[in-house]
Amino acid sequence: MSKAIMIRLLQVKDIPKVFDIRDSVKENYRSPEQVAELGFTPQSFRKMLEDNCVGWIGVYNGVDASFAVVNKVSGELLGLFTRPKFEGLGLATVLIDKAENYLLDSGIQQAWLTTSSDFNLKAHAFYRGK
């Protein structure tokens, strides 16, 4: 079976899926309560999408498996998460390319992100490889 990756624009109706995907990760896991303490709630995320953020859902063989969100003003990649059983299939690469191209097309000259300081996490190797 060949892989079928599709990327679609993240919509307000996808907010529960975004939180479900975020809650599914094993590395860099934060409980819903910890995520809320950081100021990331469904309500705050909706406001972000309405104000200055844009995002995409990565769909793999019909399953919403991944997402990416950027601040279209600052150029910050705010989140890139993939359900564990879909890691290594290329979703994150396609999403980060989509985000980078969107920001470049929007006139942002430099994209940036903040991630965990734990260099043993897969995210560090992924971002360094980009």
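The values are calculated or read from the model by the stated rules, or taken from the named source; none is laboratory data. Everything numeric here is computed off the predicted structure, so don't read it as measured data. Neighbour counts run over all protein chains shown; Cβ positions are idealised from the backbone, glycine included. Quick note on the areas: whole protein, heavy atoms, side chains included, nothing else; ligands and nucleic acids left out. Shrake-Rupley method; radii C 1.70, N 1.55, O 1.52, S 1.80 Å.
In segment 54-76, what count of residues is obtained for those that are under 13 Å from the mean Cα position of the chain (by Cα) and either open to solvent by 20 Å² or more (accessible area, probe 1.4 Å) or farther than 15 Å from Thr114 by Cβ (or both)?
12
For segment 8-58: of the residues being in contact with a Leu (Cβ under 8 Å, 6 or more places away or on another chain) and of a type in the set (Gly, Ala, Ser), which is farthest from Leu77 (Cα to Cα)?
Of everything passing the filter in segment 8-58, Gly58 is farthest from Leu77 (Cα to Cα).
I need every pair where a residue in segment 108-122 that is among the aliphatic types (A, V, I, L, M) has its Cβ under 9 Å from the Cβ of a residue that is in a loop (DSSP other than H, G, I, E, B) and open to solvent by 100 Å² or more (accessible area, probe 1.4 Å), sequence separation at least 6 or different chains.
Here the result reads Ile108/Val73, each pair linking segment 108-122 to a residue that is in a loop (DSSP other than H, G, I, E, B) and open to solvent by 100 Å² or more (accessible area, probe 1.4 Å).
Could you tell me whether Ser117 is surrounded by 12 or more Cβ atoms within 10 Å (Cβ to Cβ) and among the hydroxyl-bearing types (Ser, Thr, Tyr)?
It is false that Ser117 is surrounded by 12 or more Cβ atoms within 10 Å (Cβ to Cβ) and among the hydroxyl-bearing types (Ser, Thr, Tyr).
What are the residues in segment 86-114 that are surrounded by fewer than 13 Cβ atoms within 10 Å (Cβ to Cβ) and of a type outside the set (A, V, I, L, M, F, W, C), if any?
Scanning segment 86-114 gives Gly88, Asn101, Asp105, Ser106, Gly107, Gln109, Gln110, Thr114.
Consider Gly75 against the criteria (1) at negative phi; (2) in contact (Cβ under 8 Å) with a residue 24 or more places away in the chain; (3) small (Gly, Ala, Ser): it satisfies all of them except one. Which criterion is unmet?
(1)
Looking only at segment 93-122, count every residue that is under 16 Å from Glu76 (Cα atoms), aliphatic (A, V, I, L, M) and within 17 Å of the chain's Cα centre (by Cα) and tell me the total.
Number satisfying all stated conditions: 6.
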